[in-house]
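To start, the structure under review is shown below, and the notes come after it.
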Amino acid sequence: MMRHLILMIAHWTNPFFLWYFTSINVIYTVFMIIGAFGILSRRKELAAEDLTELLSSESMPEFTFVIPVYNESENVLNTIFNLLNLTYRYKKLVIINDGSIDKTFDILLKSLELIKIPQYFENRLPTQKIRAVYQSKLHPEIIVLDKDHGGKFDAQNAGVNALRSEYFISVDADTFIEDAGFEALIRPILTSPETIAVGAGVRIVNSCTIEYHRITTARFPQKFLPAFQEIEYLRSFMLRQGLSSINGVFVIAGAFGVFSRHLILQVGGYCNSVSEDMEIIIRLHHYMKKFRLPYKIEYLPDPVAWTIGPSTLKSLGKQRSSWHFGILESLWHHKRLFFNPFYGFFGLFIFPFAVICEAFEPVVECIAWIYVLITLSLGLLNVHFLLLLLMVSFGYTIIYAIFCLLLEELSFRRYPSMRNLLALLGSNLVENIGYRQITVYWRLRGFWRFFKEIGRIRKESKRLNKLY
Amino acid sequence: MNKYQILIWIFIAEAVLSFFLITMVALHRLFYFFVHRISNQRKKRLSGYFFKCIEENRAFDAKSYPGRRRWTKELLEVLESFNDRFHGNEWEAIKRPVAEEYLLPTARKWARSIFWKKRNQAARSFVLCPTIEDEKNILRLMDDRTFLVHHKATIAAIELESQAGIRKALVAIRCKAGSSRVFYRDALIGASHAAAEKMIAAGNEPALRLACLDVLSGKSWALPIPFLKTDLRSKNTALRRLAIRTLVRNPVADCIEILIDALKDQDEEVRCDAAKGLQIYSPLANLDCLIEALHDPSWFVRIEAARALKLAGATGKALLKKQTDSQAVEAVRYIEVFG
């Protein structure tokens, strides 16, 4: 009876799993090809671009770095000095101490010689109480806000209130930025006025050499976990490149992104979400489409920011499950976009792609493996199906990553040594066994958390829907 | 073909594709190495020749020139890097004939190319050696869709002191939203005296006034600006802001009175800029207006006023010490620390 039932289920499930993974692969391939064109044309631009001219300009707009910090006593100074060392002249830093309970604020106070100044700005976005505003005596371009703890989104909102420039750059406290990359990043804003947000490639800094708060030698991570993350970053960057070409980027890494202040204020600031970086991008799409305004959200292929990747399973697991929880939360907040023709291509294709291929992918993958294990234990496994599934999912992932590597080689060549390239290839082959399965588990934990917090998420959704 | 044969074929296809991609990576490494090396060698030869010409103070001579006609890209890059470092007649005597002989004929052809890279090289060549003959081409390239083309063409037009080009640049500053206009502004700020005169003449047109003032607020200009005083009294806030910034940069005889009046303007930015302007003249100005500005609703105006008083010398400093109002005291303290 059981055997009969399983065979009946298999009749439907085998083609479903194959169909699902093949469809994802086809979509990824399309984005990969579109992205490759984008990258190669960017490569041509780079050869003709004169960034020294940009730097010597007298008329450049001011950019403010908004850096929320919470218990970041180890990294905060490195990040601040890295940003101060950028050759771009018209920059300011707004650091928001989000009620840290370690020595973060004391370190800032002593190292930057902070002096209390009056609160010179209005709280246009509601935030937790601002305890005091400080300015650095050593580097007057640094403003520090000391506030009660309210989460990253709250700190970012406080930062948006405090800045005066038209554009701001949201940076994590463990992110390093490169000069050349940064200059390339601001160009889309200068050259195409309809650009409302810009993101760029983020890489893993773990094995790079940092001297005087700058990355002097870029190296592929030497340990397994950061190496696997680096490959994931490369792959996701390719996807975003493709999405950028059709103005469909739905996430800009929280570690680094440029935004228009005026628009962030208009859409009501960052919301109470774990993945506020993704939510704000979807909200910007939602808002601009709703009011039929021309806009562009760009994702530059240039590697700009380097971030510290978690190096233990525990911290990585925590990060991945909260990322996935954030994806689900953001998609839930904007569920009315799902297959909604009013929102054009974004509503009809990009948003459903995010839901079906990004959010539900771990569920389908997990069910597929459970199904394989059950049929194997009952001696009913269809070997042909298993091999096909492995080729469709694992085989494709390997090819995809090698293609990303080729594009990296053709464009930016951030890993010039042959050893780094071989390490990248090796990690690409190994990551499918063990690492891939554990990430599925972490992402499923994100689902668990989502269902646990659904009440709060619904409330936040209602609040967001009333904003515009 | 049975289903296992299909599987084997898929496996072979994936393996071949992976191998192909890896081979491409390796081949690109090799290709990059050689192309880079050849290009560097060419540039080295050209740079050596130009250095020798400069050292020996001799003009360009086609017979001793080591380059070939097809080295356009390398020649353009070398000339651009020299042009950044060398100015004056000696360098012009070398650059012009080289550009006319080896760059401009190709540039004239490429100005109409369908490939933006070629149009970009054409525009860059025109920047190096703009000629009246090429004005039409330059003006057409100014309308190009690609930023890297129209930006360079604008610089060429301004180098050429072309009236139509300067007007086009002002129109672009006026019409282009966002920050894209900063490149045009920069190009006009760096313009020659003759080009600036043409720009001011074009600024007499009311539609181009804002753009013209925007440029002048970043440029030092020794001669009187005809429309400045009218614009300082304009009802248009944007115009007043730019006019006051231009005045601070390019003072006129009665500018102290104008700046004192501007301290009472409705707009915060105008008041702030007026206070900044008074920092230059504060020893000569009546300090009462600055004391009044210490109580301004805007924190930024208060700070600039306090700074102006500090720069006024002993009298100003004494006045700062006398302040008792909390807002003024805050501004005074801020200036004591941050200067």
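The values are calculated or read from the model by the stated rules, or taken from the named source; none is laboratory data. Everything numeric in this text was worked out from a predicted model, so none of it was measured. Here the Cβ is made from the backbone with ideal geometry for all residues, glycine too, and neighbour counts use every protein chain on show. The protein model used for the area step is the full one, side chains on, heavy atoms only, and it has no ligands, DNA or RNA in it. Shrake-Rupley method; radii C 1.70, N 1.55, O 1.52, S 1.80 Å.
Assuming R0 = 56 Å, what is the FRET efficiency of B:S47 and A:N382, from their Cβ-Cβ distance, to the nearest 0.05? Present the calculation step by step, with values, prior to reporting the outcome.
Numbers: r = 68 Å, r/R0 = 1.21.
The calculated FRET efficiency here is 0.25.
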Residue-normalised value, i.e. accessible area per residue, for the protein assembly as shown at 1.4 Å probe, in Å², stands at 45 Å²
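Given a 1.4 Å probe and heavy atoms of the protein chains only, how would you sort B:Y4, B:Y65, B:Y32, A:Y28, largest accessible area at the top? Spell out each step's value before the answer.
Values: B:Y4 100, B:Y65 15, B:Y32 80, A:Y28 45 Å².
The ordering from most to least exposed comes out as B:Y4, B:Y32, A:Y28, B:Y65.
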What distance in nm separates the simple spin-label points at A:E453 and A:T87, each placed 7 Å from Cα in the Cβ direction? 4.2 nm
Segments B:310-320, A:94-104 sorted - mean Cβ within 10 Å per residue, highest first: A:94-104, B:310-320
Which of the residues in region B:321-339 show a loss of at least 10 Å² in accessible area from their chain by itself to the complete set of protein chains, at a probe of 1.4 Å? B:E330, B:Y334, B:V337, B:F338
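Per residue of chain B, what 222 nm ellipticity follows from adding -39500 (n - 2.57) for every DSSP H run with n ≥ 4, rounded to the nearest 500? Present the calculation step by step, with values, prior to reporting the outcome.
Values: 19 runs with 238 residues, N = 339.
It lands at -22000 deg cm²/dmol.
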Per residue of A:56-62, other chain Cβ atoms within 10 Å number on average 6
Rounded to a whole number, what % of the accessible area of region A:1-136 do carbon and sulfur atoms account for, probe 1.4 Å? 60 percent
Percent of accessible area on chain B owned by carbon and sulfur, 1.4 Å probe? 57 percent
Among B:R181, B:R119, B:R70, determine the one that fluctuates most according to a GNM of chain B built with springs between C-alpha atoms less than 10 Å apart. B:R70
Over region A:65-178, what is the mean sequence separation of C-alpha contacts under 8 Å (at least six apart), divided by residue count, expressed as relative contact order in percent? 38 percent
How many Å² of accessible surface get buried when B and A come together, counting both sides, probe radius 1.4 Å, rounded to the nearest 100? 4000 Å²
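If a/c stays under 1.5 just call it rounded; otherwise compare a/b with b/c (prolate if a/b is bigger, oblate if not). Do that for region A:1-144, with a ≥ b ≥ c from the square roots of the Cα gyration tensor eigenvalues.
Note, shape of region A:1-144 comes out oblate.
Let me check I've understood the local charge: for B:Y184, count other residues with C-beta under 14 angstrom from its C-beta, Lys and Arg +1, Asp and Glu -1. What total comes out? Intermediate values should be presented prior to the final figure.
Values: positive: B:K152, B:R167, B:K168, B:R174, B:K176, B:R181, B:R185, B:K219; negative: A:E53, A:E58, B:D143, B:D144, B:E159, B:D186, B:D214.
Net charge in that neighbourhood comes out at +1.
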Mean residue ellipticity at 222 nm from the helices of chain A, using -39,500 (n - 2.57) per DSSP H segment of n ≥ 4 over the full residue count, to the nearest 500 deg cm²/dmol? -17000 deg cm²/dmol
Residues losing 10 Å² or more accessible surface upon assembly, region B:285-310, compared with the chain by itself, 1.4 Å: B:W299, B:F300
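Per-residue counts of other Cβ atoms within 10 Å, averaged by peptide: what ranking do you get for B:48-59, A:187-198, highest first? The partial results should precede the final answer.
Numbers: B:48-59: 13.3, A:187-198: 21.1.
The packing order, highest mean first, is A:187-198, B:48-59.
Counting only protein heavy atoms and a 1.4 Å probe, tell me what percentage of region A:223-330's accessible area is made up of carbon and sulfur.
On the way: 1820 of 3060 Å².
Ligands and nucleic acids excluded, carbon and sulfur give 59 percent.
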For chain A, one quarter of the surface area of the C-alpha convex hull, expressed in nm², comes to 23.2 nm²
Spin-label point model (7 Å from Cα, Cβ direction): what's the A:T22 to B:Q5 distance in nm? 1.9 nm
With the full set of protein chains present, the residues of region A:166-210 whose 1.4 Å probe accessible area falls by 20 Å² or more relative to the chain alone are A:R187, A:L190, A:T191, A:P193
Nearest 10 degrees, 0 to 90: helix B:237-249 Cα axis against chain B principal axis: 90 degrees
Springs between alpha-carbon pairs under 10 angstrom, Gaussian network model over chain B: which of B:E161, B:E74, B:E205 fluctuates most? B:E205
Toy charge model, Lys and Arg Cβ at +1, Asp and Glu Cβ at -1: the protein assembly as shown dipole around Cα centroid in debye, rounded to 20, equals 1480 debye
Under 25 °C and 0.890 mPa s, how fast does chain B diffuse according to Stokes-Einstein, given a Kirkwood radius computed over C-alpha pairs? Answer in µm²/s, whole number. 100 µm²/s
Can you tell me how much longer the chain between A:R336 and A:L138 gets when fully stretched, taken as 0.36 nm per residue apart minus their C-alpha distance, in nm with one decimal? 66.4 nm
Which of rounded, prolate or oblate describes the protein assembly as shown when judged by the alpha-carbon gyration tensor and an a/c cut-off of 1.5? oblate
Determine the sum of side-chain charges near B:L128: Lys and Arg each +1, Asp and Glu each -1, restricted to other residues whose C-beta is under 12 angstrom from that of B:L128. -3
If you put +1 on each Lys and Arg Cβ and -1 on each Asp and Glu Cβ, how big is the dipole of chain A around its Cα centre, in Debye rounded to 20? 1320 debye
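What is the calculated FRET efficiency for A:F291 to B:E90, with r their C-beta to C-beta distance and R₀ = 60 Å, to the nearest 0.05? Show your work: numbers first, answer last.
Details: r = 59 Å, r/R0 = 0.98.
With a Förster radius of 60 Å, E is 0.50.
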Residue mean of other protein chain beta carbons inside 10 Å, A:113-119: 4
Residue among B:K118, B:K152, B:K235 with the largest mean-square fluctuation in a Gaussian network model of chain B, springs linking Cα atoms under 10 Å: B:K235
